[in-house]
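Encoded as structure tokens, the structure appears first; notes follow it.
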Amino acid sequence: MNRIVVITITIMTFFTSLVIGQQIENEQFEITFDSTARFSEGIPEIGRDEVDYLKWVQSNEEGGCIPSDICYVPSENSFFIYGDRRISIIDAETESILNTIDTSVKGHWKYFPRTEEREKRIVYNPLNNRVYCATESMEIIVINPTHGGQIEEIISNSYPDNEYWWMMLEIDGVNNKLYWGITAADYSYLTIIDCETSNIVHEEEIENRIYTLKCHPSRNNVYIANEDGVSLRQTISPYNEIHFFNTGYRIGVIEILYDEAIDLDYTIFCERDRNNNSPEEIYVVNENTGSFSSIDNLEFSFFSSSCYSKEAGKFYLGYQQQEGCGIMIFDNNFQLLDTISFQSNIDDPCDIIYNSLTEKVFCGTRSNMYIIDDESNVSQITFENNVLYRLALSKEYNKVFATNYNVYNVESFSGEGFHQNTISVGGRIFNSCYNSNEGKIYYYERLFGSMDNTKLYVFDIEIESFEILEIGHSISDVQYNQDDHLLYLSSSDSNIIRIFDVLNDYDELPSIQLSHTNVHSICITPNNQIFCMTRDGIEIWDILTNSFENFINYDGSNFDRSESCILADENKIYITLKKFGIYEDGKILVIDYESNQLIYEFNNFYSPDEIKYDSVQNKVFFQQQNVFYLVNHYNVINCDDYSYETIITEEGVLYFELAENLGKLYITPLNYDGYIYEYNSSTNEHLQTHQTTGVASITKFNPFNNKLYVIIPYNFSNDYQTEIWTIDCETSQINRMELGQFESYRYYLPAVPIDITISEENNKLYFGTGHSKLAVIQCEDSETKTFSSGWNWESFPRLDRDEEINESKDVVPILERIEPFNGIDGIDFISENDRLIFDGTFWNPLFFNIQSTWLYKVDIDPYEERTLELFGTRMAENFVIEDTFGAEDYYWLGYWLPVTQNMDYAFGEFWDKVQIVKAEEWTYWRESQQRGNPSDPEPRPSSKIRPLEYGKGYMVKFNEEIEDFHWYNSGILVDGYERPRSENFLYEEKSDYEVIDVMNIDSEVIEIGVFQDDICVGAIAVSDSSEQILVYSDAANRDPVPFNFEIVIGRGLSIPIRDYEVLNHITGEYESNLIISGRQEYSVIRFGEIDKPDDNTPLTPKLYINHPNPFNPSTTISFSVANMNSFVTLEIFNIKGQKVKTLYSGIAEEGKHTFIWEGKDMNGDKVGSGIYFSKLKTDNIELTRKMLMLK
């Protein structure tokens, strides 16, 4: 049976108090989540990422946004729903999701929707039939709503990407412009965009906050509300302020009452200042006369929303005060007609909309939808603990849609006010329950309130896919019983424990009917009993017989939550109980689950939270916290005598994790420096402090590799990235990996409830990040390959298999993890006998097995720096290839020792039988060692001992038969070898090469190039008097021709070599001869006398062959000139002699110049396949090279 550890944490922190024992001191400090804060000096250097492998698994749940804003597009009869990192498009008629636009690359919410500000993030412009959306990255997405909605372009402003508080969009229907207000702490940005051209026509920083803005429907006016009043600006250039209406208080609502038919034109400002305890005022601007007046003594302290009905001649204004919330109704003359009271003081009117088809007003609030008819009759539809935040109307189908962002739904209503449908546009997976028998993890979101469309996400570990179960109510806890294979679900708003049969397609069985309601957690004991923690007490049931066993009350107290319960000390269960509030006492109960009797009760513990059991020491550790406070200690209970002690910590304890097998405890405090405090769990001594980054951390100890995994949900200093850090609990080595951006939690930004699951079977870590998205982390060590240009000679020592077994693995899914993979046009992957091809779309063949013991050659097109993370187990160092290697054949060997050492040590006892070793960067040729009396006494480059490097591969030829080959680890480490690269000669590498040793090189030569048919096939930068050149002649594809040589001397110009001699390996003498491509593997040459030009000798210009050739889509063309300030032109011609493009025309300084032709003509259009010519013209010479473009 697999051991599994599942932990739950909710990070919700605002204040910290210091608690010593049971005495709460008055030293409190407010924690403000300053997103601009940075971390202290001394963050440790980050080594190679040790978190091996990240994989995101997405359920097939449609939508996936927390709906906060909405707009209706009448041309498509669809609603566009804006939410965290996604936009969902819903058909107004069928109420189905048409499309989901992923905006995750634009960041995620930094602040959540509030009724205090009239934030508007998505608007529709009927003048150009476009939807505009303001993203978290401070960009505007322009969406063409046709065909389900497609992003057309993105508009960025020039403001710094600082933290903002809210954004507002407004369409200027007179001038076809978009107004975009961005508000930060003490200032704002105003951007005006011309919707016809998508150009920004005005940008301005305003030293005040923008609380709302409104454009006049017929005038060139826009009103911008701030702290002290309203600024009236003109909506035509220069967009300056015309007048400022000084109200003295914050304006939060602006409404325009405009009816051209009756010459009605008023603009209304409504105060919205929670800090102002006096009754708010309404200010009226008569646009026809310019008069400015106010309506006083309304006895309401906060105005939140409004709408005007031209058809009814009524102005509806939402208000909030301590006594309750509601709507005031005015006529066109501002006479108060009626006041509709909602009773509750938190039922804030979030949005109001008027439906002229039915003459009804819809008002969405924090818990209700209110429908008001023309006679002020009110009907109410309750959505408990929900927020109906924004409303939109479809007159075509006479429907009202409301975003319900607290439960990720969109609610639809008929025009008459009847609730019709709930459309789910999101699914959340934070909490989890693990089923080790069937290899399933059950994900859900723990909610303490009413929610009628909750889902349970069933994740299959083996196939890494989701199945979704519709539950239909909120879930407070999920438990799996491995004995009867049943799944138990509880709900905080019912007294029913639902039971599902896992082995029979989750058929629902008869439920357990409790006597008490509000079940906040459940726990199944080894003797098949279920403990149900309710608000009033604990009900205990036998789950085999579904019979009631006992009830343990709380002695008259009510407790809202049981955050943790654990099995400990043989047959005991420890349960934490607390209330949701400030300074509320809690309890820890110890119950014998065999007798179902209360054994011990710890009273007056302030908010006991997470609890853990140390079976080695028979102790229970627990922390104390709630939404509002942290305490600077943790507690330890001795399970033998129930004594306990309080351990004072450096800071308030946010979370803690126990490494039982190492005798360590890790404390996570709340601070910006990302500290993790390590304690001795036996002596409670503070051992050391580890440093990560981030405000809050969730930690998980993995006993299978003794590492602590620290998840930073939001790193404020790193663009809100989620990071996972690993701390080696034995060596204290720290590594980190970015996971992208976490999904926001709907209550508070740092409040992230997460369950982390680590499976022993595959040593993978799983945690949900919201929106039905699951992160899968391979916990084994990893290694990273970096691919260079050309052919890479690689081996794969680390694969997902046992270290002692050379098991074959399909390389296709491994290669698909290359980063970046997008943009790869082709991959050529060859083994000693087979070949794998990727053409940019398909693999051929579909499967291709590799083993850790062999060499594989890889070429990726086009080249850019790419990496490949490899996971699994490294091949055992002492692994033996139980086979016989014959003489005179090449064997493609992988090198799996994790050390770089010289090859003579690495081959060990086999070294004397090694004849040739070919590497990606060099070749060793035993026969190149000197014999007889050669005329060149210096050692040849091919006889030099070179290093072998981990993860590379080598072609090896032995001079006699060997058996049971294996590598030797000498312990003598050396640096790797990198071949000196030429800067003046360009060539294309092939999968194999010929070798030429050049001896007695003149000291003035800095580079040597090898040519075949005027095409460079190899080159070297000279650093010694003899060099080895790898020649990629591709002899199989052309007739054998002699190699030619060119050198580059100190003046940077190339000189052809007309005289060279070739070594006769039999006589040891140099002879006048030619090297013919494809006729030898290894050659040794020396140059004759070089005809060096003196300083007065004019050198001719040179046009180099382009590289690559053939090419697609681009190629590099170089030329060199000898004279300073020469006038040159470099042009491209087609085979008809027509000029295609001029790459350069002008003065060129002495030396080499390089240009890239992108395969386009002078109009920027791509040219077709065929033959082209590069032509270099100077004052007295013209040079031409032939090129071939292939598609």
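Some notes on this structure:
- Single residue of the range 856-880 satisfying the filter (assigned to a strand (DSSP E or B) and hydroxyl-bearing (Ser, Thr, Tyr)) that is modelled with the highest pLDDT: 856
- Per the listing 914, 899, the residue uniquely without any contact (Cβ under 8 Å) to a residue 60 or more places away in the chain and surrounded by 17 or more Cβ atoms within 10 Å (Cβ to Cβ) is 914.
- Identity of the residue in the range 509-530, under 18 Å from residue 553 (Cα atoms) and aliphatic (A, V, I, L, M), that ends up surrounded by the fewest Cβ atoms within 10 Å (Cβ to Cβ): 514
- In the range 176-193, the residues that are more than 33 Å from the chain's Cα centre (by Cα) and either assigned to a strand (DSSP E or B) or crowded, with 20+ Cβ neighbours inside 10 Å (or both): 177
- The residues listed here are 841, 853, 873, 867; of these, the one that is over 11 Å from residue 811 (Cβ atoms), of a type in the set (S, T, N, Q), out of contact with any Pro (no Cβ under 8 Å at 6 or more places or on another chain) and without any contact (Cβ under 8 Å) to a residue 12 or more places away in the chain is 841.
- For the range 403-448, a residue qualifies if it is modelled with pLDDT under 85, on the phi > 0 side of the Ramachandran plot and in the same structural domain as residue 474 (by TED's automatic domain parsing), but none of them does.
- Residue among 434, 443 that alone is in contact (Cβ under 8 Å) with a residue 12 or more places away in the chain, closer than 28 Å to residue 573 by Cα, surrounded by 15 or more Cβ atoms within 10 Å (Cβ to Cβ) and in contact with a Gly (Cβ under 6 Å, 6 or more places away or on another chain): 443
- All conditions in (1) out of contact with any Lys or Arg (no Cβ under 6 Å at 6 or more places or on another chain); (2) free of Cβ contacts under 8 Å to residues at least 60 places away in the same chain; (3) assigned to a loop (DSSP other than H, G, I, E, B); (4) among the acidic types (Asp, Glu) hold for residue 227, with the sole exception of (1).
- Some residue of the range 243-255 being buried (at least 17 other Cβ atoms within 10 Å of the Cβ), part of a loop (DSSP other than H, G, I, E, B) and β-branched (Val, Ile, Thr): yes
- Among residues that are farther than 23 Å from residue 1061 by Cβ and at pLDDT below 95, residue 970 is included.
- Restricting attention to the range 1113-1150, the residues that are of a type outside the set (Phe, Trp, Tyr), surrounded by 14 or more Cβ atoms within 10 Å (Cβ to Cβ) and in a strand (DSSP E or B) total 17.
- Residue 287 satisfies every condition listed in (1) in contact with a His (Cβ under 8 Å, 6 or more places away or on another chain); (2) without any contact (Cβ under 8 Å) to a residue 60 or more places away in the chain except (2).
- If you go through the range 797-820 and keep only what is free of Cβ contacts under 8 Å to residues at least 24 places away in the same chain and of a type in the set (A, V, I, L, M, F, W, C), you end up with just 805.
- Residue 844 vs. criteria exposed (fewer than 12 other Cβ atoms within 10 Å of the Cβ), at pLDDT 95 or above and farther than 27 Å from residue 899 by Cα: yes
- The number of residues in the range 1151-1191 being assigned to a loop (DSSP other than H, G, I, E, B), among the hydrophobic types (A, V, I, L, M, F, W, C), at pLDDT below 85 and farther than 14 Å from residue 1123 by Cβ comes to 1.
- Qualifying residue in the range 809-826 (condition: closer than 29 Å to residue 923 by Cα and among the aromatic types (Phe, Trp, Tyr)): no
- Across the range 1132-1139, a minimum of one residue is classified as basic (Lys, Arg) and at pLDDT 90 or above.
- Among the candidates 377, 345, 355, residue that is without any contact (Cβ under 8 Å) to a residue 12 or more places away in the chain and closer than 29 Å to residue 422 by Cβ: 377
- Flag for residue 879 being under 21 Å from residue 797 (Cβ atoms), of a type in the set (Phe, Trp, Tyr), surrounded by 18 or more Cβ atoms within 10 Å (Cβ to Cβ) and touching a Leu at 6+ places or on another chain (Cβ under 9 Å): no
- Every condition in (1) surrounded by fewer than 21 Cβ atoms within 10 Å (Cβ to Cβ); (2) modelled with pLDDT of 85 or more holds for residue 104 except the one numbered (2).
- Test: residue 130 is touching a Pro at 6+ places or on another chain (Cβ under 8 Å) and buried (at least 16 other Cβ atoms within 10 Å of the Cβ): yes
- When residues of the range 780-838 are limited to those that are basic (Lys, Arg) and in contact with a Phe, Trp or Tyr (Cβ under 9 Å, 6 or more places away or on another chain), the one surrounded by the most Cβ atoms within 10 Å (Cβ to Cβ): 798
- With respect to (1) part of a helix (DSSP H, G or I); (2) surrounded by fewer than 22 Cβ atoms within 10 Å (Cβ to Cβ); (3) at pLDDT below 95, the lone exception for residue 942 is condition (2).
- Check on residue 567, of a type outside the set (Val, Ile, Thr), surrounded by fewer than 19 Cβ atoms within 10 Å (Cβ to Cβ), within 38 Å of the chain's Cα centre (by Cα) and within 29 Å of residue 647 (Cα to Cα): yes
- Every residue from the range 658-709 that is hydroxyl-bearing (Ser, Thr, Tyr) and buried (at least 20 other Cβ atoms within 10 Å of the Cβ): 666, 668, 679, 681, 692, 693, 697, 699, 709
The values are calculated or read from the model by the stated rules, or taken from the named source; none is laboratory data. This one's a predicted model, so the numbers in the text were calculated from it and none came from an experiment. We place every Cβ from the backbone using ideal geometry, glycine too, and count neighbours over all the protein chains shown.
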